[in-house]
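Quick notes on the structure that follows.
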Amino acid sequence: MFKEIHPIPAFADNYIWAISDQASDAVCVVDPGDATPVVEYLAQNKLTLTDILITHHHPDHTGGLGELKAKFSPQVYGPQPSNIAGISTHVHEGDCVELFGHRLSVIEVPGHTLDHVAFYCDEPDPPVLFCGDTLFAAGCGRLFEGTPEVMHESLAKLAALQTTTAVYCTHEYTMANLKFAIAADPYNKTLLSRISEEQEKRASGLPTLPSSVQLELETNPFLRCNQSALQQSAESQLGRTASDEIKVFTALRNWKDNF
Ligand SMILES: [Zn+2]
């Protein structure tokens, strides 16, 4: 069983999620871009690093792997296509990773990168999702390698998970994402109240994460491309009709890239 899921801050706005075991001093970290804050966290809390989950190949998600492997010899689970150095078990869609008595299923979510995977577990209450740079609170990752079609399909897989799922993304991008979200979806009342709630958390120095699938369905413009308000915003950006969800998604993503 998981005891706690704790954010270890890294770089300017990354979180390295540390999942600790209820029954032992074992801990798993997700996307350790930097070894130093992980080593400090382990020492301060007298924990042993036994496992690492990697969502994709970007250096701010993998940079600490070499040092952590050398120091602690953990099992490292991650995607195959990019051949990330240090992965001991390559995972694919539908695979299961055993972690502290729970089974995490692997979901392939290409788009931000082509190798991107997410890890999902529906055994705790609420279920948990580690989605790297695919789904963010009120946003989604930039399309460095995939097409809008591919990313839209990946996001749809995550949006279809249990609505109570706690969403652990890798970056604290929430306030910037919300600024865009309200520009794209200006009459969304849930979005307005979310903005003041998240502002309060940031003002108190708290992370805005985890989010939840339900909150994202209600406030994340990239999960709401089927809503007429988002379609209208996309069309006013494009200056022409956006006849399907992919066109709306593409217009929103391009707009956000230059926002
Ligand atoms: Zn990335």
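State whether the residues of the range 189-203 include one that is part of a loop (DSSP other than H, G, I, E, B) and either away from the ligand (no atom under 16 Å from the Cβ) or β-branched (Val, Ile, Thr) (or both). Give the derivation first.
At the first step, the residues of the range 189-203 found to be part of a loop (DSSP other than H, G, I, E, B) are none.
No, the range 189-203 contains no residue that is part of a loop (DSSP other than H, G, I, E, B) and either away from the ligand (no atom under 16 Å from the Cβ) or β-branched (Val, Ile, Thr) (or both).
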(request) Among the residues of the range 123-158, count how many are part of a helix (DSSP H, G or I) and within 16 Å of the ligand (Cβ to nearest atom). (result) 5
(request) Can you tell me which residue within the range 224-247, out of those that are hydrophobic (A, V, I, L, M, F, W, C) and under 22 Å from the mean Cα position of the chain (by Cα), is surrounded by the fewest Cβ atoms within 10 Å (Cβ to Cβ)? (result) Ile246
(message) Just to verify a result, which residue in the range 178-212, among those that are within 15 Å of Asn14 (Cα to Cα) and over 12 Å from the mean Cα position of the chain (by Cα), is surrounded by the most Cβ atoms within 10 Å (Cβ to Cβ)?
(response) Thr208
(request) Only residues that are part of a loop (DSSP other than H, G, I, E, B), touching a residue at least 60 places away in the same chain (Cβ under 8 Å) and surrounded by fewer than 18 Cβ atoms within 10 Å (Cβ to Cβ): list them for the range 79-122, please. (result) Gly101
(request) Please work out if Thr174 is within 13 Å of the ligand (Cβ to nearest atom), closer than 17 Å to Pro221 by Cα, β-branched (Val, Ile, Thr) and buried (at least 24 other Cβ atoms within 10 Å of the Cβ). (result) no
(message) Being on the phi > 0 side of the Ramachandran plot, in contact with a Cys (Cβ under 9 Å, 6 or more places away or on another chain) and more than 16 Å from the ligand (Cβ to nearest atom) is the filter here; which residues of the range 100-122 pass it?
(response) Phe100
(message) When you scan the range 34-46, do you find a residue that is modelled with pLDDT of 95 or more and within 16 Å of the ligand (Cβ to nearest atom), even just one?
(response) yes
(request) Filter the range 39-87 for residues that are of a type in the set (Asp, Glu) and over 19 Å from the mean Cα position of the chain (by Cα) and give the result. (result) Glu40, Glu67
(request) With a cut-off of at least 1 residues that are within 21 Å of Pro207 (Cβ to Cβ), name the helices (runs of 4 or more DSSP H) lying wholly within the range 1-74. (result) 35-45, 59-62
(message) What's the total number of residues in the range 10-26 that are surrounded by fewer than 17 Cβ atoms within 10 Å (Cβ to Cβ) and either in contact with a strand residue (DSSP E or B) (Cβ under 6 Å, 6 or more places away or on another chain) or among the hydroxyl-bearing types (Ser, Thr, Tyr) (or both)?
(response) 4
(message) If a residue must be touching a Phe, Trp or Tyr at 6+ places or on another chain (Cβ under 8 Å) and more than 17 Å from Ala159 (Cα to Cα), how many such residues does the range 181-232 contain?
(response) 4
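The values are calculated or read from the model by the stated rules, or taken from the named source; none is laboratory data. Note that the coordinates shown come from a computational prediction; the quantities given were computed from them, not determined experimentally. Note: ideal-geometry Cβ built from the backbone for every residue, glycine included; neighbour counts use all protein chains shown.
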